[in-house]
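The values are calculated or read from the model by the stated rules, or taken from the named source; none is laboratory data. This one's a predicted model, so the numbers in the text were calculated from it and none came from an experiment. Every residue, glycine as well, gets a Cβ built from its backbone with ideal geometry; the counts of neighbours run over all protein chains shown.
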Amino acid sequence: MMKTVRIALISLAVLTAVSCITSQVAIEKNDTPLTLSQKAQDYFSNKEYTAAISYYQAIIDNYKKDQFEKEIAWAYYEIGFCYFTMGNNDLANKYFNTVINDFSIQAPRVLAEKIKLKIAAKIHADKK
């Protein structure tokens, strides 16, 4: 009986953690990529990185690249930076690679390259 309860509690904790990471942001009528980005920055400033990621992801999911390329490129960069800050370098690199390979906006591409170099240097240093 205790083993079943323990498994149920662990399962509940895992599901709760996963649902927080992948939570959807409710887009309001007046929201724009700028307002969503500002909300994300507020969460980032408060070290609520998964909430920040959700707002940046809302920009990616709800706006067209051909109309909002700059905002979407920055959203990918910022998600990568959130993951980098959280220590998840694999996911950070995934988002930085998207910025570098799929967008022509120069500023987020340059920053993504710089952070990728930091990640590579850290990985190299950790192997020593």
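I'm trying to understand the selection: among the residues of segment 85-96, which are touching a Phe, Trp or Tyr at 6+ places or on another chain (Cβ under 9 Å) and not hydrophobic (A, V, I, L, M, F, W, C)? Scanning segment 85-96 gives THR85, ASN89, ASP90, ASN93, LYS94, TYR95. Show me the helices (runs of 4 or more DSSP H) entirely contained within segment 23-106 in which 2 or more residues are acidic (Asp, Glu) and over 19 Å from ILE119 (Cα atoms). Once the helices (runs of 4 or more DSSP H) in segment 23-106 are filtered for at least 2 residues that are acidic (Asp, Glu) and over 19 Å from ILE119 (Cα atoms), what remains is 69-86.
For segment 118-128, filtered to residues that are surrounded by 10 or more Cβ atoms within 10 Å (Cβ to Cβ) and over 16 Å from LYS94 (Cβ atoms), the residue that is modelled with the highest pLDDT is ALA121.
For every residue, the table says whether it meets (1) touching a helix residue (DSSP H, G or I) at 6+ places or on another chain (Cβ under 9 Å); (2) modelled with pLDDT of 95 or more; (3) closer than 21 Å to ALA92 by Cβ.
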position	(1), (2), (3)
LYS3	no, no, no
ILE10	no, no, no
LEU15	no, no, no
ASP31	yes, no, no
ALA40	yes, yes, yes
PHE68	yes, yes, no
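Of all residues in segment 70-112, those satisfying the criterion of being out of contact with any helix residue (DSSP H, G or I) (no Cβ under 6 Å at 6 or more places or on another chain), over 23 Å from SER45 (Cα atoms) and surrounded by 12 or more Cβ atoms within 10 Å (Cβ to Cβ) are ASN97, ASP102. Considered as a group, the residues in segment 53-63 that are under 14 Å from GLN24 (Cβ atoms) and touching a helix residue (DSSP H, G or I) at 6+ places or on another chain (Cβ under 6 Å) include one that is surrounded by the fewest Cβ atoms within 10 Å (Cβ to Cβ), and that residue is ILE60.
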